[in-house]
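First the structure, in the form of structure tokens, and then the observations on it.
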Ligand code: SAJ
């Protein structure tokens, strides 16, 4: 039998070529490093570990690393019940140590791509990951970028940094862009069964990247370049942002015309072809829809191109919290009360139903607007025990009781969590601004409900 040392030498030398890398991918002997163990990286780690790959989860957050190594999930869509066995079998190990990248045959970058304060792309996390990889590279590695970013990032930013290693792309190492398509909270579409776009930099890069993803994901869509793959993803999210903005603009117009926008959209959704239904709301939140389209806007400027649709959609969507504030003013005005010092209870601060994520949430924008009006504003969210307002002050979720409802001058439904009892909310609230048509099934006391 070979000694361990010899086996390792054999293993390492086999990895220095495309054929060697394809072989360890085929046999799932490959080691997969995932940089960024968030809502994309952690589900992906389970998806590839479950079919046999060894996974190293790299994250800068040592608390997250400790939780992962204890088999504890901090992501809504990943249960500790699923994670724990993979950790105890040693299939998933987490660490903050970037030197472990040397052991990886495949490195997947799943880091955040936020906007800066003046709404420019912040790809600093991608750069940091690329520099860490370049410092730990060896021949025979595949590096894929999954973070949503502007078309050109993989070729113009990632590749030059990795090439500092002196290795030759397409020969010694392989790169591709394969955008994540995680829909947080969606139990039907998972990492495994959501088809995945893959764009390699060279034919060898494409071959290796597609071979890797085919091992754990049902359907792979190959495209001709990383730039195409990057554009696909930004288009997907821009498509949503623009269509949500369209129905939000419709809501603003229906309000002036005395029409019920929910009835209009509901009826339009009966068209069996050529229609995709989006719903108005208090604005758009999360880490994608309010952000990704502006990556395209920023890049388009390089071509002296003005993405008017995207910017108009952003204006309309970000106006919606103001519109809800106007509805609250009208609801209080009907009772002869001003905004000032009125007691208002917001139901839901998370950016969408049944999640605890309140980043970039329109609910937070509305909360800050009403704070500014010196409203006595409280919130309840069963998924968000506490949050910080724009000034950094911590607020805690108010218990939802008949008393907390009836003692308010106005109740606003901002996030239509399934956990809410909408019958009780209507029963005990004096007046409700329903921004999600969440009380649609409640037929009595409709006079209390003001719809968006
Ligand atoms: N929203 C509306 N009206 C709608 C749909 C959504 O107001 O008709 C609001 C939501 O309440 C939320 C925001 O827009 O505040 C974004 O909702 P979302 O579900 O589009 O956003 P995410 O970021 O949770 O998930 C999306 C994915 N969603 C779907 O495809 C259904 C998808 O766009 C991306 O795969 C994912 O972001 C991502 O990570 O890019």
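None of the figures in this text is laboratory data; all of them are computed from the coordinates on show. Keep in mind the model is a prediction, meaning the values are calculated, not measured. Here the Cβ positions follow ideal geometry from the backbone for every residue, glycine too, while neighbour counts run over all protein chains shown.
Axis angle, to the nearest 10 degrees, between helix 4-14 and the longest C-alpha principal axis of the chain: 80 degrees. Extending 7 Å from the Cα toward the beta-carbon at both residue 398 and residue 84 defines two label points whose distance is 3.8 nm. Sorted fewest first by neighbouring Cβ atoms within 10 angstrom, 228, 288, 47, 110 come out as 228, 47, 288, 110.
Note the angle between two axes, namely the Cα long axis of helix 203-216 and the longest principal axis of the Cα atoms of the chain, as a number of degrees from 0 to 90, rounded to the nearest 10. That works out to roughly 60 degrees. On C-alpha positions alone, give me the angle between the axis of helix 292-301 and the longest principal axis of the chain, in degrees, nearest 10. The two axes meet at around 70 degrees.
Legend: ranking of residues 298, 262, 358 from fewest to most surrounding C-beta atoms inside 10 Å; resulting order 298, 262, 358.
With both labels modelled 7 Å from their Cα along Cα-to-Cβ, the residue 194 to residue 115 distance reads 2.1 nm.
Here r is the Cβ-Cβ distance between residue 51 and residue 224 and R0 is 35 Å; the resulting FRET efficiency, rounded to 0.05, is 0.80.
Over every Cα atom in the chain, the radius of gyration and the widest Cα-Cα span, Dmax, amount to 24.7, 88 Å. At full extension, residue 124 and residue 202 could sit 25.6 nm farther apart than now, given 0.36 nm per residue minus the alpha carbon distance.
Once label points are set 7 Å from the Cα along Cα→Cβ at both residue 298 and residue 259, what is their separation, rounded to one decimal in nm? In this crude spin-label approximation the distance works out to 3.8 nm.
How high is the FRET efficiency between residue 239 and residue 17 when r is their beta carbon distance and R₀ equals 30 Å, given to the nearest 0.05? The value I calculate is 0.15. Each of 289, 107 was scored by other Cβ atoms within 10 Å of its Cβ. Arranged with the fewest first, they read 289, 107.
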